[in-house]
Structures are given as structure tokens and as C-alpha cells.
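Structure first, then comments.
The values are calculated or read from the model by the stated rules, or taken from the named source; none is laboratory data. Fair warning: this is a prediction, and the values are worked out from it, not measured in the lab. Counting neighbours? That spans all protein chains shown, and the Cβs are built from the backbone with ideal geometry, glycine included. Areas reflect the complete protein model, heavy atoms only, side chains present, ligands, DNA and RNA absent. Shrake-Rupley method; radii C 1.70, N 1.55, O 1.52, S 1.80 Å.
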Amino acid sequence: MGDAGNSDEMVVDYITGVEVPDMGAEANRQAFERILVDLKGFSKTEVEVDVPLELVVAGKPYCSRIDLVVGVEGRRMMAVKCAAGSLGSREREILAAARLLEAYQIPVSIVTDGRSAVVLDTVSGEKRGEGIDSIPTRDALAGLLKRSEWIPFPEKRREREKLIFRSYDLENVNVRRGMPLDSQGNIL
């Protein structure tokens, strides 16, 4: 989430109803939240906003957030990075996040600017599609849920994946990253 010290403008988050600073990629996230609910059929309760991701990287704690995580029937199925710039430059970041958040790899990773999107298969890292039409609907994700294998990310590659995530995440501007979180995921 953005740092309120850099912006006086606030917007009401479409999913949570909470005021958030309107900076960085926030407008893109708001547009994408509407796409998920209004076009793709997800309920607001199936979309998590600013999901905490706490890692130990090279022996030190590192705290960040994933912009959006979408679940179906209680299972996290899609991780989303909302970007203000080039989508391609953020693909590797969201893949790493989707591989590290759960004990299994979240099957679908998406990078979006609120107008377009790149959809990736998290396990293979391969591109599934581009554009808003390529974003799975709720029904499509429910079908994927039934046929997915819940593959953990290989332990021997985990430390490298954490380093990759942190490297990309540190490049994000107008956000507070690497800061300690309380038990509810709020920045201390």
C-alpha cells in the first residue's frame, strides 16, 4: 500500500471500502478490482487486498504485500501485481510471490495496469495469455480448482526465489516495503 505521507489524495478501495492513498499503481488496482467483480464474476469476499508476504531472505526478515489474491472455495488461486509501468518487467516478481505465499504454488499469476494484463502459469512460468479477455472468470477458476495439482515450490530453489522477489519488490516506488507487520498484517 502507498505511503500516505506522499499524497493528500485518497480513494475508497472498491473491494474493502477503506480509504487508501491514491498513489503509484492504486488507480490501476481500483480498475482491476472492478474488472474482477463486474466482468469476471468474483465476489468482493473472494478478493484479498494487500496480502502480507513475510519472508526470511538471507537470514533477515523481509515483509511485503501482494496487491491482490483471488480465491475460490477457500483456496487461493490467483495472485495479482498491479503495475504503473511496463507489465513485462513485473512478471518475474508476481511469479515469485505466487510461488512463496502458500505451501503450494498459487496456479495463476497476473500482472496488470488496469487496462491490460499478462496471465501466467505459476508452476511453469509460461504465458497463458494477454489482455483482459485472458483473465480467468470465476467459473474458469472453479474448474481449474477441481483439476489443479497443489505443487509446492521446490525447497532447493526457495531461497533463490526469495532473493528474486525481494530484488524486484525493492524497485517498487510509492509503497512501503520491507517494514515489520503486526499480527493483522498492518505496518508497524
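Numbers for the structure displayed
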quantity: Using θ = phi - 60° and Karplus 6.51 cos²θ - 1.76 cosθ + 1.60, couplings along the range 152-169 (whole Hz; Gly, Pro as x); calculated: x, 6, x, 4, 5, 9, 5, 4, 5, 5, 4, 4, 4, 4, 4, 4, 5, 4
quantity: Surface per residue (accessible, 1.4 Å probe) for the chain, Å²; calculated: 48 Å²
quantity: Whole-Hz couplings from phi, Karplus 6.51/-1.76/1.60, listed for the range 137-146; x for Gly and Pro; calculated: 7, 4, 4, 5, 5, 5, x, 5, 4, 6
quantity: Under 30 Å between alpha carbons - lysine pairs in the chain that sit 8 or more apart or on different chains; calculated: 19
quantity: M77, M23, reordered so the largest accessible area comes first (probe 1.4 Å); calculated: M23, M77
quantity: Most mobile listed residue (V51, V18, V69) in the chain, GNM with C-alpha springs under 10 Å; calculated: V18
quantity: Potential extension, V56-A142 segment - 0.36 nm per residue separation minus Cα distance; calculated: 27.7 nm
quantity: Solvent-accessible ranking of S86, S64, largest area first, probe 1.4 Å; calculated: S86, S64
quantity: The range 52-176, dipole about Cα centre (Lys/Arg Cβ +1, Asp/Glu Cβ -1), debye to the nearest 20; calculated: 280 debye
quantity: For K81, distant residues with modelled amide H under 5 Å away; calculated: I110, V111, T112
quantity: D22, D133, D169, reordered so the largest accessible area comes first (probe 1.4 Å); calculated: D133, D22, D169
quantity: Percent carbon-and-sulfur accessible area, the range 8-142, ignoring ligands, DNA and RNA, probe 1.4 Å; calculated: 47 percent
